[in-house]
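So the structure is just underneath, and the comments pick up after that.
Nothing in this text is a laboratory measurement; each read-out follows from the coordinates by a stated rule. Just so you know, these numbers come straight off a predicted model, no measurement behind them.
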């Protein structure tokens, strides 16, 4: 799994990318040259970096278990950005359920 890096790539993703919203998660994706994946948590909702980093670690772990198998099996390479839009610290069990629901929604869209 490659990290999504570079201002140009991330800006292009936000400008031209397609979005799937399933509160408190938002998945942006766009066709690209290589498969890449990034996570983000807004500073507006979580002021402390410790909180943001914890949520990002949990999101990466949950994505590896439930979401990435669907995303990596795509015919074409895509760049993905997963954003946590909630205002409260997520519980691990609820986060897992949300990722399962997001994976179902992604698989039904046939990216």
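As I understand it, the value is the acute angle between the Cα axis of helix 92-109 and the longest principal axis of the Cα atoms of the chain; what does it come to in degrees, rounded to 10?
The angle comes out at about 20 degrees.
Per residue and in Å³, how big is the convex hull formed by the alpha-carbon atoms of region 15-79? Walk me through the numbers on the way to the answer.
On the way: hull volume 6.6 nm³, N = 65.
Considering the Cα atoms of region 15-79, their hull volume per residue is 101 Å³.
Going by alpha carbons, how many degrees (0 to 90, nearest 10) lie between the helix axis of 49-62 and the longest principal axis of the chain?
So the inclination is approximately 50 degrees.
Nearest 10 degrees is fine. How inclined is helix 7-16 to the longest principal axis of the chain, computing both from alpha carbons?
80 degrees
If I model the chain as equal point scatterers sitting on the Cα atoms and use the Debye formula, what is log10 I(q)/I(0) at q = 0.10, 0.21, 0.23 Å⁻¹?
With no solvent term, the Cα-only Debye profile gives -0.26, -1.21, -1.43.
What relative contact order, as a whole-number percentage, does the chain give when Cα pairs under 8 Å and 6 or more residues apart are counted? Provide the component values of the computation, followed by the final result.
Details: 146 pairs, mean separation 39.2, N = 111.
Value for the chain: 35 percent.
Restricting to bridges with both residues inside the chain, how much of the DSSP beta-bridge set is antiparallel, in percent to the nearest 5?
Here the share of antiparallel DSSP bridges comes out near 60 percent.
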